[in-house]
Amino acid sequence: MRAQRQIEHVAAEVSKAAGQLSREGHGALIVLERETGLEEIAESGVMLHSDLSSELLCTIFAPRTELHDGAVIIRGDGILAAAALLPL
């Protein structure tokens, strides 16, 4: 049951942030960690280990902020890192 609530929370927050960012004309790279660990990719950015919220995602991807370039890595129901460099 907890896993289902976690999935619903992540989906709701990412969806809300994507809608807001789209309305403002801002892009975002959001990666959801699943079976494949993304620790090495996360470490290329800034480790946050923070709660996930649409407000924080929108703040991270606001233009001309320090963390807006690169990807956000979501692990479980939290933000693991921001400004992570994704491999080609």
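Are any residues in segment 55-73 crowded, with 16+ Cβ neighbours inside 10 Å, of a type outside the set (A, V, I, L, M, F, W, C) and not in a loop (DSSP other than H, G, I, E, B), and if so, which ones? Within segment 55-73, no residue meets the criteria. Listed conditions (1) touching a helix residue (DSSP H, G or I) at 6+ places or on another chain (Cβ under 7 Å); (2) among the aliphatic types (A, V, I, L, M); (3) modelled with pLDDT under 95 are all met by residue 88, apart from (1). In segment 35-46, the residues that are within 9 Å of residue 81 (Cα to Cα) and in contact (Cβ under 8 Å) with a residue 24 or more places away in the chain form Cβ pairs under 7 Å with partners that are assigned to a loop (DSSP other than H, G, I, E, B) and open to solvent by less than 40 Å² (accessible area, probe 1.4 Å), at six or more places apart or across chains, as follows: 45/70. Contact annotation: residue pairs with Cβ atoms under 8 Å, 6 or more positions apart or on different chains, pairing a residue in segment 58-71 that is closer than 8 Å to residue 26 by Cβ with a partner that is modelled with pLDDT under 90, are 61/68; 62/68.
Would you say residue 52 is in contact (Cβ under 8 Å) with a residue 24 or more places away in the chain and surrounded by 13 or more Cβ atoms within 10 Å (Cβ to Cβ)? Even if it seems obvious, please write down each step before you answer.
Working: in contact (Cβ under 8 Å) with a residue 24 or more places away in the chain: yes; surrounded by 13 or more Cβ atoms within 10 Å (Cβ to Cβ): yes.
When the stated conditions are applied, residue 52 passes them.
The values are calculated or read from the model by the stated rules, or taken from the named source; none is laboratory data. Remember, it's a predicted structure, so these values are computed and weren't measured experimentally. Heads up, the Cβs are rebuilt from the backbone with ideal geometry, glycines too, and the neighbour counts pull from every protein chain shown. Just the protein is used for accessible areas: all its heavy atoms, side chains included, with ligands, DNA and RNA removed. Shrake-Rupley method; radii C 1.70, N 1.55, O 1.52, S 1.80 Å.
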